[in-house]
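What follows is a single structure, written as structure tokens, with notes after it.
The values are calculated or read from the model by the stated rules, or taken from the named source; none is laboratory data. Everything numeric here is computed off the predicted structure, so don't read it as measured data. Because the Cβ atoms are built from the backbone with ideal geometry, glycine has one as well, and the counts that use them run over all protein chains shown.
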Amino acid sequence: MNSLPILSILTIVPLIGAVMLIGLDSQSKRLARGLGLAFSLAGLALAAWLWKAFDGNSPDLQFVERHAWIPSIGAEYFVGVDGLGLLMVLLTALVTPIAMLASWRIEDKPQIYFSMMLLLQAGLFGTFTALNFFHWFIFWELSLVPAFFLIKLWGGPNRSAAATQFFVYTMVGSVAMLLSFLAIYWAVGTFDFIQLAEKGHNGDLASILNVKLGWYNLSRNQLPLIIFAGIFLGFAVKVPLIPFHTWLPMTYAEAPTGTTMMLTGVMSKMGVYGFIRILMPLFPEQMRMILTPLLWLAVATIVFSACAAFAQKDLKRVFAYSSINHLGYCMLGIFAFVKFTGSEPPWSTEKAAVLNGVMLQMFNHGLTAPILFCFIGFLEQRSGGLRGLDQFGGLRKVAPVFCGLMGVSIFASLGLPGLNGFIGEFLIFKGAFPLVTWATALSVIGLLVTAIFLLTVIQRVFNGPLNGKWASLADLSWRERLIVLPATALMFLVGIYPQLLIGKINTTVMQMVDQLKF
Amino acid sequence: MFENLAWLILFLPLLSVAAITLFTRSKPRASAQISIFAVIAAFVLSLIVFVFFRGSETNSLPQASVPWLWVGDFKADIGLRLDALSLGMMLIVTGVGSLIHIYSWGYMKDDPGFARYFASLSLFTFSMLGIVMADNFLMMFIFWELVGISSYLLIGFWYEKASAADACKKAFLTNRIGDFGFLLGILMVWAVLGSLNFQDLEIRLVPHMKDYAPVATAAGLLIFCGAMGKSAQFPLHVWLPDAMEGPTPVSALIHAATMVAAGVYMLCRVFFLLNVPGSHALEVIAWIGGFTALLAALIAVQQNDIKRILAYSTLSQLGYMVMSVGMSGPTAAMYHLTTHAFFKALLFLGAGSVIYAMHHEQNIWRMGALKKKAPATYWTFMVGTLALSGVWPLSGFYSKDSILAQALETNHIALFVLGVFVALLTTFYMFRLVFVVFFGGARSEAADHAHESPDVMTWPLRILAVMSIIGGVMGIEGLYTKQFAPNAEGHAAGFGQQLLAPFSHSPLAAYLGLFAVIMGLGAAYALYSRSLFDPLPEKLGWLSRAMRNRFYFDELYERVIIPFTQEALAKFANAIDRWIISGFMVRGASGTTDLVGRALRLLQTGSLQTYAFLLVAGVALVLYLVLLR
């Protein structure tokens, strides 16, 4: 396996595609779309191969590539995946082609659009495989740039403002994170996540920071906490945690459908990924110190965003807030996971459940939410851009396949057993309940409100008397069915046979449980 | 071999759903045949397993389980439990279900959604069997939710009707409120006792009693929340009457005979977790059940829609069952559940036949004299009414008597009196219905031209009528005693003595029960045997108005609590967003935003190449900064 640098190939393939597409002239639209899709499918094939070759029973990093890059500053090219990275790579590879298919009808410079999508994919692959801050951060920023242009150039009426807001928020987060990491580098002298994680686990990191950076009369606790806060900000904006979420609804609503799918499906996972890969191992002490406020933030994110979704009239905004809500459960799970419990065995079972749940939730939300936005895109195409909750009604009569399939996604999002959404949420609740009982009990309100607004969507849009305006609305075409059917099948598959995913991530989770046990 | 049969029973209806959705969606007759075949086959197989079980002299057949989910040290199985309790319920679900599937063939004949109807019905059968056969909490919860969704789909079957669209949403959400309590209860039990499997839990309860006792009341009540939703107990009772928006056979199967009984069944299944010394859960359960029984019976007295009368009657009878569980009488509760499944399904199907005869008229005051027009419907409906009222020697008499006797034995005198009074009300409102619908003169054109339903609808009525008559002497009680009594011997002492209490005839209960029936019948006869309109509103005044308006619970929820909460939620959400945006966050950041915005505008030359150049330049700048350091 070491002979073939599969992870580098995975990241480079979409980059090559992006460059090729930029070079195309603006007349060859069909070629541009075809090439874009072909490159993203190549990415999917590579990811599928990776999935198959990955040994789910080994706790080690796999497919590792390591090359000295700029030795003087400890910048290495160091990539590899564990269960978490693998799952995210697969998710990225799955969502990108679907998002491209959903963007098929873009007529304005499609070659640039598809090139940006591939660039985004490359950035995401890089982010989920890099294990050295130096080039991890390059990929992290790299994914931001195409997203910005996708929103700004192909978005809705308010695209400029939305793109700027998106860029500024995430950029502020990134800068804070960069400063924190430079501080860490000054003190420790490495950018290597794995080495840093070891120092984080045994508590060395905080003391090294204090010794090397005894600035401004900060106390032993304050300095690491400030550095932690910088990185936290970067990830919290990305997830987003309330109150760092205000960029999201407008961005999701203004971005073109395919881009929204990438934003909600994969980019929102970057934040959660960062929490698990970087914050949790490096700063467990600091997270524990402010665990109660963090839990409040998670609960507020869950409950508030569900309520906000309920108050929306624009379908895209409904699902944008719903997206915040679903990631809130991931945050709840992560905070419950870091809670100090000692090393008694019952706790490690709960922690294993909760972290498996978080990762499953990341994947499941990454699958369901883009499909929901895809359906809204289909609806917008038919209605000439209308997407208000109250502008439809009775669509089941004219578009039964559309309503049936979107109904499946809605119920997956609602957490119905038998579909994918249930399993992640259930494991999070199962594990978090004994760990952080009050926060979990409060979060149940979020589940309830989610059910309310999702059923309201079905009631207002699908059921009731048919709104005469849409009497000739077309049902899904075969092409559209082909876009959503594989994903729908996957929702059932994961819901019925969750071990398919758990088999690949459980060993990684157990190792993380082990490392945080002190 | 019997395990394999059991898996087949569970999955036959699911196969039917898959076959219909994937292949025969556009062929209504074939779809219906697949669905009917699946449920009848499941019934026959259940019967085979049941006969084997009766012959085996064991308390439960060996469990079959398949690992479904394993995370770290924690494993969750999908497993089947076959004992008297689950086998009895399987027979009810598939047996009554078969009759209702057949009846639907006639009732739904001309509906454009025929195939979809049968697919949903099969989905329901599958989910309900899953609840009944589950050997652990997780599997039960999964199927619990699936039953919720099938009920949602069937209530909203005529989705283009706004009232049906409202009703299905209301039913699903009300159930969900209960389900979240249920989920928290399951998690609590799981956290304390460390297992989900019912058998394991029962074994673990004894050594872990010290840990469990302090949370027993809370856990018991949270679990009861689930039953409160599914079995529509006060205050979550409001969804069931609205659920009558679904087709009538659905009301018979799901909202009378089986699904709403799932809550009672679940309480009986985990009775050992409720019946813990020091826990007050049972006391609360008994009183909520009793209150629901009384409230619903009072409401039923002044309803005029034939299906709504039956719906409130169902609520009231479910209240009886829940009360019985609360009075430590799971045997009596299951007994009543079984006989109730027969006669209430019969009554609903009879009502369906009446509605069919009347061309979808449901107001009883527009009917009348149907005795002659629809004789088979009349006779079978009469049997159902007598059984529900508790007339000796029909099935309802025995099961109701065992609940009343249970009340006396456990010294619940107040609940006993309440139970007797509800029996009186039951007889009263049922005979009010019978007198108005079947006797007197025809009150409308439609009633004058009413016709009997086809054989495919009347035969299920006849079979259910026979079952309603002989249900009391078929040894159903003995079956459930076998379930709950031997359990008691092996485990905690107090538990056993309560459960083993002999159900020998309690003369006071029987005598008073019959007396209540006679009183109710007499009152109904005096008031309704010849009347053209309802005399009660005049006599009772405001009380009658309150009964007719369901004591204003729906208004309270719909006009006060829900709008208030919705408004509050929306305002709350908006306020927070505005506060965050205009408040501490962006006032700080807006300076930056403006600045960056202006800078970007300066750079906005519209050409992509410039952007690309700037991008590279930006990355280079970052690299440079980092490298210099």
Tell me, please, whether a residue that is more than 12 Å from chain B (Cβ to nearest Cβ), surrounded by fewer than 23 Cβ atoms within 10 Å (Cβ to Cβ) and either at pLDDT 85 or above or not in a helix (DSSP H, G or I) (or both) can be found in the stretch A:113-130.
no
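Test of understanding: among A:ALA298, A:ALA253, A:ALA308, which residue is assigned to a helix (DSSP H, G or I), within 22 Å of A:PHE453 (Cβ to Cβ) and at pLDDT below 85? Before the answer, list the steps.
Working: A:ALA298 fails: at pLDDT below 85; A:ALA253 fails: at pLDDT below 85.
Of A:ALA298, A:ALA253, A:ALA308, the one residue that is assigned to a helix (DSSP H, G or I), within 22 Å of A:PHE453 (Cβ to Cβ) and at pLDDT below 85 is A:ALA308.
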Reported set for the stretch A:41-86 where residues are within 14 Å of chain B (Cβ to nearest Cβ), surrounded by fewer than 21 Cβ atoms within 10 Å (Cβ to Cβ) and over 25 Å from A:GLN511 (Cβ atoms) is A:TRP69, A:ILE70, A:PRO71, A:SER72, A:ILE73
Those residues of the stretch A:344-396 which are among the charged types (D, E, K, R) and touching a Phe, Trp or Tyr at 6+ places or on another chain (Cβ under 6 Å), in sequence order:
A:LYS351, A:ARG396
So, in the stretch B:273-291, of the ones that are free of Cβ contacts under 8 Å to residues at least 60 places away in the same chain and either closer than 17 Å to B:ASN549 by Cβ or not charged (D, E, K, R) (or both), which residue ends up surrounded by the most Cβ atoms within 10 Å (Cβ to Cβ)?
B:GLY289
Filter the stretch B:379-420 for residues that are touching a Phe, Trp or Tyr at 6+ places or on another chain (Cβ under 6 Å) and polar (S, T, N, Q); the one that is nearest to B:GLY471 (Cα to Cα) is B:SER399
Check the stretch A:200-216 and report whether any residue there is at negative phi, within 12 Å of chain B (Cβ to nearest Cβ) and either in contact (Cβ under 8 Å) with a residue 40 or more places away in the chain or in a helix (DSSP H, G or I) (or both).
no
Consider only pairs whose beta carbons are under 7 Å apart and that are at least six residues apart or on different chains; among these, list those whose first residue lies in the stretch A:91-110 and is without any contact (Cβ under 8 Å) to a residue 24 or more places away in the chain and whose second residue is assigned to a helix (DSSP H, G or I) and surrounded by 24 or more Cβ atoms within 10 Å (Cβ to Cβ).
none
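Restricting attention to the stretch A:480-505, report how many residues are within 10 Å of chain B (Cβ to nearest Cβ) and assigned to a helix (DSSP H, G or I).
Final tally of qualifying residues: 6.
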For the stretch B:127-165, give me each residue that is of a type in the set (Asp, Glu) and either in contact (Cβ under 8 Å) with a residue 12 or more places away in the chain or part of a helix (DSSP H, G or I) (or both).
B:ASP135, B:GLU145
Qualifying residues in the stretch A:18-61 (those that are polar (S, T, N, Q) and more than 22 Å from the chain's Cα centre (by Cα)) - the one nearest to A:ALA130 (Cα to Cα)
A:SER58
Answer yes if at least one residue in the stretch A:298-314 is of a type in the set (Phe, Trp, Tyr) and more than 14 Å from every other protein chain (Cβ to nearest Cβ), and no otherwise.
no
I'm trying to understand the selection: among the residues of the stretch A:450-467, which are within 7 Å of chain B (Cβ to nearest Cβ) and under 18 Å from A:TYR321 (Cα atoms)?
A:ALA451, A:ILE452, A:LEU455
Could you grab me the full set of residues in the stretch B:33-61 that are in contact with a helix residue (DSSP H, G or I) (Cβ under 8 Å, 6 or more places away or on another chain) and within 15 Å of B:LEU15 (Cβ to Cβ)?
B:ILE34, B:SER35, B:ILE36, B:PHE37, B:ALA38, B:VAL39, B:ILE40, B:ALA41, B:ALA42, B:LEU45
Scanning the stretch A:1-17 for residues that are surrounded by fewer than 24 Cβ atoms within 10 Å (Cβ to Cβ), away from every other protein chain (no Cβ under 14 Å), within 26 Å of the chain's Cα centre (by Cα) and of a type outside the set (Val, Ile, Thr) gives A:PRO5, A:SER8
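Could you tell me how many of the residues in the stretch B:39-78 are part of a strand (DSSP E or B) and more than 26 Å from B:LEU196 (Cα to Cα)? Outline the logic, then answer.
Initial filter on the stretch B:39-78 (part of a strand (DSSP E or B)): B:60-71, B:74-78.
Right, trim to more than 26 Å from B:LEU196 (Cα to Cα) and you get none.
Result for the stretch B:39-78: 0.
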Out of (1) more than 8 Å from chain A (Cβ to nearest Cβ); (2) out of contact with any His (no Cβ under 8 Å at 6 or more places or on another chain); (3) at pLDDT 90 or above, the one B:ILE149 does not meet is (1)
Quick one: which of B:LEU267, B:LEU221, B:LEU294 is in a helix (DSSP H, G or I) and crowded, with 22+ Cβ neighbours inside 10 Å?
B:LEU267
Of the residues in the stretch B:302-327, how many are over 19 Å from B:ALA252 (Cα atoms) and surrounded by fewer than 24 Cβ atoms within 10 Å (Cβ to Cβ)?
1
If you take just the helices (runs of 4 or more DSSP H) that sit entirely in the stretch A:360-476, which of them hold at least 1 residues that are farther than 17 Å from B:ARG176 by Cβ and in contact with a Lys or Arg (Cβ under 6 Å, 6 or more places away or on another chain)?
A:400-414, A:420-435
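Condition check ((1) closer than 30 Å to A:ASN463 by Cα; (2) at pLDDT below 85) across all residues:
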{"site": "B:LYS169", "(1), (2)": "yes, no"}
{"site": "B:LEU173", "(1), (2)": "yes, no"}
{"site": "B:PHE182", "(1), (2)": "yes, no"}
{"site": "B:LEU196", "(1), (2)": "no, no"}
{"site": "B:GLU202", "(1), (2)": "no, no"}
{"site": "B:LEU221", "(1), (2)": "no, no"}
{"site": "B:SER231", "(1), (2)": "yes, no"}
{"site": "B:PHE234", "(1), (2)": "yes, yes"}
{"site": "B:LEU240", "(1), (2)": "yes, no"}
